[in-house]
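Worksheet: one structure, shown below.
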Amino acid sequence: MTTGSWSFSKGLHEVGKGVWAYIQPDGSWGWSNAGLITDGEESLLVDTLFDLKLTDEMLCTMRDAVPSAREIDTLVNTHANGDHTFGNALVADARIITTHVVADRLEEDGGDRLVNIAASLADGSLGKRFITEVFGPFDHAGIVHPPVSETFTGEKWLKVGDKDVHLIDVGPAHTASDMLVHVPKEGVVYTGDILFVGGHPAVWAGPIGNWIAACEMILKWDSEIIVPGHGPVCGKAEVANFRDYLQYFYDEGKKRYDAGMGWREAAFDVAWGPFSEWGEAERVIINMATLWRELSGIAEPVGSPELWELMGRYHYEHKPRMAAAAACPVCDHSH
């Protein structure tokens with residue numbers, strides 16, 4: 001599969017001079033991307049992966065291909081989600097930089113949280129079946145985060161050799177703090193989970209307006225190569241399409257909010273129209289709960305077990321319909 005000139009294949013892809021993307025198909029739950037920026041003998045890693053095994057495989061690939069990656073000098077975490085941080089222990093000697101908010105979240109979180117959520121779900125339930133299916137390939141037991149070396153608020157400029165690297169916190173959006181990593185000279189942007197390509201995002205924090213503004217910021221830059229948090233390397237067209245998705249979701253959700261629906265009903269009611277072929281549609285459960293909190297100003301308590309149970313129900317009830325919607329009209333098979 002290709003998007004533009006980029007192959008959606010696993011491994012290290014050079015996207016600029018001394019600038020790489022590490023890509024993990026299929027980009028769904030947990031299968032995130034990372035990046036590598038080098039100049040001379042210096043190196044900066046953008047994010048780690050969802051467990052130690054995957055991160056070790058990535059680091060070995062980088063070291064084999066790029067001599068300056070044998071010792072990672074700096075690690076930047078774009079946000080606190082485990083699929084971008086759970087491998088941090090393998091580069092614990094690096095200078096680890098992130099925002100103040102992300103650093104606080106890393107101190108509070110670890111791999112045991114996901115293990116505990118799975119354990120809290122009833123055996124045989126749709127939620128248990130779903131969380132086991134999506135996180136089964138990963139080993140989260142005992143994951144801990146090494147201490148962060150430096151934090152910042154707003155934005156920060158770094159040097160990797162002679163390369164300028166611009167870190168910009170555009171959150172809260174996907175999470176409480178979300179960083180873009182911009183390499184202006186090479187025209188490359190690492191978005192973390194500010195961009196998903198071909199998949200529905202998870203709106204853990206919001207507001208949606210901040211997220212749309214972050215997409216608009218990327219579109220204004222003179223940078224044409226975009227490395228998303230999930231999905232293939234792409235260009236600005238995919239950023240614009242994702243911005244349109246966010247606006248569509250907000251508009252459809254607000255219609256239902258104004259009509260007096262609850263978020264649970266709205267999540268199962270919304271139709272995806274031009275985005276019906278995107279994966280992970282069950283995330284609408286999280287997203288509607290977050291949108292209702294934004295629109296009402298009331299933080300309705302929604303426990304993780306309930307969210308996972310509802311996502312499991314949505315996933316298994318909607319999967320046949322989503323597959324049918326994506327069926328090829330010529331050969332009547334899904335692609």
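The values are calculated or read from the model by the stated rules, or taken from the named source; none is laboratory data. Keep in mind that this is a model prediction, so the values were computed, not measured. In this analysis, Cβ positions are derived from the backbone assuming ideal geometry, glycine residues included, and neighbour counts consider all displayed protein chains.
Each row is one residue, and each column tells you yes or no for (1) in a helix (DSSP H, G or I); (2) under 17 Å from Ala176 (Cα atoms).
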| site | (1), (2) |
| --- | --- |
| Trp204 | no, yes |
| Trp211 | yes, yes |
| Glu216 | yes, no |
| Leu219 | yes, no |
| Ile226 | no, no |
| Ala237 | yes, no |
| Ala240 | yes, no |
| Arg243 | yes, no |
| Tyr248 | yes, no |
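Output the number of residues of the range 100-124 satisfying the condition of being out of contact with any Pro (no Cβ under 8 Å at 6 or more places or on another chain), over 13 Å from Pro147 (Cα atoms) and of a type outside the set (A, V, I, L, M, F, W, C).
The number of residues fulfilling the criteria is 6.
Against the condition at pLDDT below 95, in a helix (DSSP H, G or I) and within 22 Å of the chain's Cα centre (by Cα), how does Pro305 come out, does it pass?
yes
Since Lys220 meets every condition but one in (1) without any contact (Cβ under 8 Å) to a residue 60 or more places away in the chain; (2) touching a Cys at 6+ places or on another chain (Cβ under 8 Å), which condition does it not meet?
Failing condition for Lys220: (2).
Do we find a residue being over 15 Å from the mean Cα position of the chain (by Cα), more than 25 Å from Lys185 (Cβ to Cβ) and among the aromatic types (Phe, Trp, Tyr) anywhere in the range 263-270?
Checking the range 263-270: at least one residue is over 15 Å from the mean Cα position of the chain (by Cα), more than 25 Å from Lys185 (Cβ to Cβ) and among the aromatic types (Phe, Trp, Tyr).
Exactly one condition in (1) over 16 Å from Ala21 (Cβ atoms); (2) in a helix (DSSP H, G or I) is not met by Gly260; state its number.
Unmet condition: (2).
Within the range 292-316, can you find the residues that are farther than 27 Å from Val115 by Cα and surrounded by 15 or more Cβ atoms within 10 Å (Cβ to Cβ)?
Across the range 292-316, the qualifying residues are Trp292, Glu294, Leu295.
Would you point out the residue of the range 228-280, among those that are among the aliphatic types (A, V, I, L, M) and farther than 22 Å from Ala214 by Cβ, that is surrounded by the most Cβ atoms within 10 Å (Cβ to Cβ)? Explain how you work it out, then say what you get.
Of the range 228-280, the ones among the aliphatic types (A, V, I, L, M) are 233, 237, 239-240, 246, 259, 261, 266-267, 270-271.
In the following step, the residues that additionally are farther than 22 Å from Ala214 by Cβ were identified as 259, 261, 266-267, 270-271.
Details: Ala259: 10, Met261: 18, Ala266: 22, Ala267: 25, Val270: 19, Ala271: 8.
It comes out as Ala267.
For the range 271-318, give me each residue that is in contact with a helix residue (DSSP H, G or I) (Cβ under 7 Å, 6 or more places away or on another chain) and either over 21 Å from Phe196 (Cβ atoms) or of a type in the set (S, T, N, Q) (or both).
Ser276, Asn287, Trp292, Leu295, Ala299, Glu300, Val302, Ser304, Pro305, Glu309, Arg313, Tyr316
Say whether the condition of being among the polar types (S, T, N, Q), modelled with pLDDT of 95 or more and within 20 Å of Thr153 (Cβ to Cβ) is met by at least one residue in the range 188-195.
There is at least one residue in the range 188-195 that is among the polar types (S, T, N, Q), modelled with pLDDT of 95 or more and within 20 Å of Thr153 (Cβ to Cβ).
With respect to the numbered conditions (1) under 20 Å from the mean Cα position of the chain (by Cα); (2) surrounded by 14 or more Cβ atoms within 10 Å (Cβ to Cβ), which one is the sole condition not fulfilled by Glu133?
Just one mismatch for Glu133, condition (2).
Filter the range 281-302 down to residues that are over 13 Å from Gly206 (Cα atoms) and among the acidic types (Asp, Glu) and give me whichever is modelled with the highest pLDDT.
Of everything passing the filter in the range 281-302, Glu282 is modelled with the highest pLDDT.
Residue by residue through the range 121-175, note down the ones that are among the aromatic types (Phe, Trp, Tyr) and assigned to a loop (DSSP other than H, G, I, E, B).
Answer for the range 121-175, where residues must be among the aromatic types (Phe, Trp, Tyr) and assigned to a loop (DSSP other than H, G, I, E, B): just Phe138.
Select the strands (runs of 3 or more DSSP E) contained entirely in the range 1-112, then report the ones holding at least 1 residues which are under 30 Å from His315 (Cα atoms), under 19 Å from the mean Cα position of the chain (by Cα) and modelled with pLDDT of 95 or more.
Values: elements: 11-16, 19-23, 34-39, 42-46, 74-76, 95-99.
In the range 1-112, the matching strands (runs of 3 or more DSSP E) lie at 11-16, 19-23, 34-39.
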